[in-house]
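First comes the structure, then the notes that go with it.
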Amino acid sequence: MRSLKHSLNFVPTGMRPSDSLDRLLPRAAHLRNQGFYEDALEAAKSACRLSRKSLGPTDPDLRIALNEVAVLYKLAGNHEQAEALYRELLTIIRVGPARQNDETWAALNNLGLLYVLTARFSDAESLLKDAVEIAPSISGEEYATSLSNLGGLHKESERYGAARTSFSRALEISRVLHGELHRNIAQTLNNLGLAYLSNSEHAEAEVCFGRGLEARRAILQPQHPDIAQSLNNLALCLKARGDYVASDPPMTGLTRNRCFCI
């Protein structure tokens, strides 16, 4: 993991007498966002230790600290440690006296997506379906996100028909929320296109990639990597159906040697 311990501007992390949760938690999040994962983990683990000693198990700061450490373990590839913390967090939220649907929804998705990453598809499906069930009580945005997460699971487990259904439902909701020109619309179109492409449905994939590219060109700068993603995926689709000439132009400039099929 990237560390800033040798930087001239390094401020040592870890437990100090003056440390408190209102300093440790923002520090951990800031360091993570800057890519300094080792130092972020130090700060987050210190926050966890302090939270466990001084706060009750249902205190929101403990839940935030647990989640931050779990995220950092996941980024470092320590999936077993991330899983243990995500499971602890979900248990705390579920048995707490003031259960919050938004926190439950986030915890279900985080653990479910970790299981997708580690190919534990059956475990992931149970959690992600629970997240879909409670998402409408939070907001349409969360509902669309949950459907997309479930679609991603179906795609990874090669259930392409179910993936298309989930992505299509997510797309419908996002269109109601945002119209046609929005980054969420473009990303869902990309996901739907990949589901079609994985099942060799090239014509349908081309339509999705093309519409996603149009949306991204309308709202993003020309050199944005999301446009490169759309161009590459469209080119891969055209090549898969044997149209090598038409696929050549997208694979130039920013997109050369980069493939963003995710």
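A few notes on this one:
- Note: segment 23-69, Cα convex hull, 53 Å³ per residue.
- Gyration tensor verdict on segment 57-151 (Cα atoms; rounded if a/c is under 1.5, prolate if a/b is larger than b/c, oblate otherwise): oblate
- Here the calculated FRET efficiency for Arg23 and Arg87, from their Cβ-Cβ distance with R0 = 25 Å, stands at 0.35, rounded to the nearest 0.05.
- Distance between the modelled labels on Glu141 and Leu55, one decimal in nanometres: 2.3 nm (7 Å Cα→Cβ projection).
- Gain on full stretching of the segment that runs from His182 to Asp123 - 0.36 nm per residue minus C-alpha separation: 18.0 nm
- For Lys45, the lysines whose Cα comes closer than 26 Å to its Cα, not counting residues fewer than 8 places off in the same chain, are Lys5, Lys53, Lys74.
- Between Asn78 and Lys239, the modelled label-to-label distance comes to 3.8 nm, taking each label 7 Å out from Cα in the direction of the beta carbon.
- Within straight-line cross-link reach of Lys155, lysines at Cα separation under 16 Å, skipping those fewer than 8 residues along the same chain: Lys129
- Highest average first, the peptides 212-222, 229-239, 74-84 ordered by how many other beta carbon atoms sit within 10 Å of their residues are 229-239, 212-222, 74-84.
Just so you know, all these numbers are worked out from the coordinates, no wet-lab data involved. Since the model is a prediction, treat every value here as computed from it, not as a measurement. Quick reminder, even Gly has a Cβ in these numbers, built from the backbone with ideal geometry, and neighbours come from all protein chains shown.
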